[in-house]
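Before any comments, here is the structure.
The values are calculated or read from the model by the stated rules, or taken from the named source; none is laboratory data. Quick caveat, the model's predicted, so the values are computed rather than measured. So basically every Cβ, Gly included, is an ideal-geometry build from the backbone, and we count neighbours across all protein chains shown. Calculation scope for accessible area: heavy atoms of the full protein, side chains included, ligands and nucleic acids excluded. Shrake-Rupley method; radii C 1.70, N 1.55, O 1.52, S 1.80 Å.
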Amino acid sequence: MYLDLIFYLLLGIKKKNEELDSALEKVSTLTSVDEPKAVLELNENAKQLVTAKEEYNDKVLNSSNEDIKEARITRPYETEYLQTVIGNHAKDKGINLRYELRQANTGVAGEYDIYFTITGSYVSISEFVAAIENNSSLNFRIEAFKLVPTTNDTENLQATFNVKGISVKVDRTSN
């Protein structure tokens with residue numbers, strides 16, 4: 001009986017030792033492989049950032065007053081263009097999309113606010129928002145973002161947000 005107890009204790013110690021060896025092996029892998037890889041990626045990203053900053057500074061220093069004026073001019077979006085670009089992002093991300101153009105309260109003719117309501121999974125919503133915010137041809141700045149669960153649907157969420165002060169050429173004949 002006493003030997004059985006010692007045997008079971010030794011088996012328990014052996015099992016804990018194996019678990020400890022496994023954990024040490026994981027730590028060794030993290031420190032010898034994963035950490036240097038992450039540091040290398042971080043250094044590469046830092047170099048890319050410095051290069052991008054230098055290119056930006058060169059453009060700023062070498063820009064004429066005409067270049068600066070041209071950059072400040074906002075060209076109106078065609079409604080069809082907005083429908084296509086935004087719709088493609090929604091389709092790619094699996095989003096149910098509704099949006100509404102409303103005349104902006106800025107007093108500027110042709111300037112609109114776009115109010116979005118989107119439904120989808122958390123990941124799809126975050127990917128859609130990132131896609132339209134990072135799309136350089138849209139140049140959107142998202143405001144008043146709100147994310148809530150949908151009623152009667154445990155799989156999806158609903159997000160609302162807006163983009164303000166967008167110059168849009170509205171085709172009144174198609175409305």
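Using 0.36 nm per residue and subtracting the Cα-Cα separation, the extra length available between E35 and L97 on full extension is 18.2 nm.
When the solvent-accessible area of the range 47-170 is split by element, carbon and sulfur atoms take up 48 percent of it, the probe being 1.4 Å. Spin-label model, D21/L49: points 7 Å from Cα along the beta carbon direction are separated by 4.3 nm. With K and R counted +1 and D and E -1, the other residues having a Cβ less than 11 Å from that of R102 yield a net charge of -2. For Y115 and T160, the difference between the fully extended length at 0.36 nm per residue and the C-alpha to C-alpha distance is 15.5 nm. Peptide packing for 150-161, 112-123, 21-32, 93-104 was compared via the average number of neighbouring C-beta atoms within 10 Å per residue; ordered from the highest value, the list is 112-123, 93-104, 150-161, 21-32.
Please label the shape of the range 13-99 as rounded, prolate or oblate, based on the square roots a ≥ b ≥ c of the eigenvalues of the alpha-carbon gyration tensor (a/c under 1.5 means rounded; beyond that, a/b larger than b/c means prolate, else oblate). In terms of gyration-tensor shape, oblate. Shape class of the chain from the alpha-carbon gyration tensor: oblate, with a/c at 1.5 or above and b/c at least as large as a/b.
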